[in-house]
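The values are calculated or read from the model by the stated rules, or taken from the named source; none is laboratory data. Note that the structure is a prediction, hence the values are computed from the model and not measured. Neighbour counts run over all protein chains shown; Cβ positions are idealised from the backbone, glycine included.
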Amino acid sequence: MTQTSYIFLAGVSVTVLTVVTACGVVGSPVAPENVGVNPTITRQKIQLQKSGTVQRADNTSGAAVPLEPVEPKGQDEELPPLRPVGTR
């Protein structure tokens with residue numbers, strides 16, 4: 001009788017430990033304001049300001065040439081008419 005109860009207790013313990021460790025996330029939650037591209041850029045700008053270095057702009061390489069607006073073009077090929085698929 002005692003051997004059966006020890007085996008049952010061991011089985012229950014393993015099941016509980018498996019369920020407890022498998023559920024949930026490891027670590028504390030991270031606020032979305034601290035994750036992503038914008039917070040990284042902000043941190044880098046603050047770090048550059050503290051160090052006193054100046055970052056050059058990306059668009060200063062050439063003269064600005066005004067582009068003419070492009071008119072949208074029609075379809076290149078004629079498409080078949082839409083038909084319902086899979087109806088009876």
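A compact table of results
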quantity	calculated
Of all residues making up segment 6-43, the number that are modelled with pLDDT of 75 or more and in a loop (DSSP other than H, G, I, E, B)	3
Failed condition for Ser61, given (1) within 32 Å of the chain's Cα centre (by Cα); (2) of a type in the set (Ser, Thr, Tyr); (3) at pLDDT below 70	(1)
Sole exception among (1) modelled with pLDDT under 80; (2) out of contact with any Leu (no Cβ under 8 Å at 6 or more places or on another chain); (3) in a loop (DSSP other than H, G, I, E, B) for Glu68, by number	(1)
Qualifying residue in segment 44-52 (condition: surrounded by fewer than 10 Cβ atoms within 10 Å (Cβ to Cβ), hydroxyl-bearing (Ser, Thr, Tyr) and either part of a loop (DSSP other than H, G, I, E, B) or modelled with pLDDT under 75 (or both))	no
